[in-house]
Amino acid sequence: MTRTSLFLGALMAMMCTAASAQDDEREMEWLNVTVLHYAATGHTDRNNTLQQYLLLDNAVLEEQTELKEQLEQFREEFSQKMINQVVPEAEKALDEGLAQLRKMIKEHPELASQLKEQLKEAEAQRGQMTAELVKEVGDYTYNPADILKTLTNLAVNKRAYSAYKDLGNGLYGVLTGKAYGPVDYDVFNKPQTPEDQKYTWGVMNRDGRMVIEPKYDEPKGYDEHDFIVLHTLQGGQDKAGAKGYDGSERVPFVYTSIAYYPFGLCVSKDGKNYGLMDHTNKRELIPMKYCGVWSNYDETIKMTRTDGQLDVYDANMKLINTEPDPN
């Protein structure tokens, strides 16, 4: 029973709006239409389902009274179909538990009285499950393919994405490749993305226009500093760089890694030697000769040297001291 309740909770959460943006005159919403796509295409493997999200203007969606009624009816019917599928699985798990209890009663007669009470309750639960949860449901009242088509036509650029990420400043990272997950996919977990689809993230505005072409790994935005850290393939190698929210290059794609700190970007070209650079003018602040950033707990910056010492820089990136690494 608990397993079924959790499944339904995740299912209904997935089918509702996943995110909205408020820093624009329009209220935009990402609608998870994975279940609609799953039903419309006749899929049977609910653990390996293509994820699908549409970006819609909430004001446009609110006007679609009949469509919303059809969608709600579909949700109810789909939920019942899923219950009808998972109940036999739950019953099987209960049967295994009942068998285990009966075995324990034989093996531990001193606990028989207590175990028999548990067995009685479990058997009653097993008998009620089908009667209370399983209900006959036929074809969908409204064709899920038609509902999906209508929603897609209402979307900002009439297409679905396999994942999205709100980057702030009215931009979204979107996965144009394919990502898979269970039909009761939780938006707080990442879908399964095949390796050949990894570099298919782009950055889209609320009008559906691609500001940054889809050839990157999942972007990480820092809207307060107007840059987005990205990874792409160059000559078969992963290279990191950054672009501004207008799509212009802020950091060239020549690094193996980029990490953000309040005072600058920590960069490396070989994954071994690290330094700091100013992303506003692509200027190197601290040379790439360190094992990494040790700390910036105060107004100084401490970089770890290969000999275990720490080079200490002030806020102007001037070397002021060298001290032992306390670790």
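The values are calculated or read from the model by the stated rules, or taken from the named source; none is laboratory data. Everything numeric in this text was worked out from a predicted model, so none of it was measured. Note that each Cβ is placed from the backbone with ideal geometry, even for glycine, and that neighbours are counted across all protein chains shown. In case anyone asks, the SASA skips ligands and DNA or RNA and just uses the protein heavy atoms, side chains included. Shrake-Rupley method; radii C 1.70, N 1.55, O 1.52, S 1.80 Å.
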Of the residues in the stretch 84-94, those that are in contact with a Lys or Arg (Cβ under 8 Å, 6 or more places away or on another chain), in contact (Cβ under 8 Å) with a residue 60 or more places away in the chain and surrounded by 13 or more Cβ atoms within 10 Å (Cβ to Cβ) number 2
Filter the stretch 131-152 for residues that are of a type in the set (D, E, K, R) and more than 23 Å from Thr34 (Cβ to Cβ); the one that is modelled with the lowest pLDDT is Glu132
Restricting attention to the stretch 266-284, the residues that are closer than 17 Å to Asp226 by Cβ and open to solvent by less than 40 Å² (accessible area, probe 1.4 Å) number exactly 3
Note on the stretch 23-55: residues β-branched (Val, Ile, Thr) and not in a helix (DSSP H, G or I) are Val33, Thr41, Thr44, Thr49
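Provide a single number: the residues in the stretch 317-327 that are out of contact with any Leu (no Cβ under 9 Å at 6 or more places or on another chain) and over 15 Å from Pro287 (Cβ atoms). Outline the logic, then answer.
Of all residues in the stretch 317-327, those out of contact with any Leu (no Cβ under 9 Å at 6 or more places or on another chain) come to 318-320, 327.
Checking which are over 15 Å from Pro287 (Cβ atoms) leaves us with 320, 327.
Here the count works out to 2.
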Restricting attention to the stretch 148-168, the residues that are closer than 24 Å to Asn48 by Cα and open to solvent by less than 20 Å² (accessible area, probe 1.4 Å) number exactly 4
Checking Lys289, Lys215 in turn, the sole residue that is open to solvent by 50 Å² or more (accessible area, probe 1.4 Å) and more than 25 Å from the chain's Cα centre (by Cα) turns out to be Lys289
Considering the stretch 95-126, residues that are surrounded by 11 or more Cβ atoms within 10 Å (Cβ to Cβ) and of a type in the set (Gly, Ala, Ser), and then whichever is nearest to Gln70 (Cα to Cα), we arrive at Ala122
- Task: Would you be able to say whether some residue in the stretch 56-68 is open to solvent by less than 20 Å² (accessible area, probe 1.4 Å), assigned to a strand (DSSP E or B) and touching a residue at least 24 places away in the same chain (Cβ under 8 Å)?
- Result: yes
Of the residues in the stretch 184-209, those that are assigned to a loop (DSSP other than H, G, I, E, B) and more than 16 Å from the chain's Cα centre (by Cα) come to Arg206, Asp207, Gly208, Arg209
Taking the stretch 226-243 and keeping residues open to solvent by 70 Å² or more (accessible area, probe 1.4 Å) and on the phi < 0 side of the Ramachandran plot leaves Leu233, Gln234, Gln237
request  = Scan the stretch 303-317 and give yes if some residue there is over 16 Å from Tyr261 (Cβ atoms), outside any strand (DSSP E or B) and either of a type in the set (S, T, N, Q) or without any contact (Cβ under 8 Å) to a residue 12 or more places away in the chain (or both), otherwise no.
outcome  = yes
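Determine, yes or no, whether Gly236 is more than 14 Å from Ser162 (Cα to Cα), free of Cβ contacts under 8 Å to residues at least 24 places away in the same chain and not hydrophobic (A, V, I, L, M, F, W, C). Reasoning before the result, please.
Numbers: more than 14 Å from Ser162 (Cα to Cα): yes; free of Cβ contacts under 8 Å to residues at least 24 places away in the same chain: yes; not hydrophobic (A, V, I, L, M, F, W, C): yes.
Considered against the rule, which asks whether it is more than 14 Å from Ser162 (Cα to Cα), free of Cβ contacts under 8 Å to residues at least 24 places away in the same chain and not hydrophobic (A, V, I, L, M, F, W, C), Gly236 comes out as yes.
Mind checking whether some residue in the stretch 169-184 is open to solvent by 50 Å² or more (accessible area, probe 1.4 Å) and within 19 Å of Gly221 (Cα to Cα)? Steps first, please.
So in the stretch 169-184, the residues open to solvent by 50 Å² or more (accessible area, probe 1.4 Å) come out as 169, 178, 180.
The next check asks that each one be within 19 Å of Gly221 (Cα to Cα); those that pass are 169.
Yes, the conditions are met somewhere in the stretch 169-184.
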Residue pairs within 6 Å by beta carbon, gap of at least six or interchain, first lying in the stretch 118-134 and at negative phi, second in a loop (DSSP other than H, G, I, E, B), listed first then second, are none
Going through the stretch 294-327 in order, the residues found to be open to solvent by 70 Å² or more (accessible area, probe 1.4 Å) and among the β-branched types (Val, Ile, Thr) are Thr306, Ile320
Here the qualifying pairs (Cβ atoms under 7 Å; residues six or more apart or on different chains; first in the stretch 163-183 and part of a strand (DSSP E or B); second of a type outside the set (Asp, Glu) and open to solvent by 40 Å² or more (accessible area, probe 1.4 Å)) come out as Tyr172/Tyr164; Tyr172/Lys165; Gly173/Tyr164; Gly173/Lys165; Val174/Tyr164; Tyr180/Asn48; Tyr180/Gln192; Gly181/Gln192
Going through the stretch 147-162 in order, the residues found to be touching a residue at least 12 places away in the same chain (Cβ under 8 Å) and in a helix (DSSP H, G or I) are Ile147, Leu148, Thr150, Leu151, Thr152, Leu154
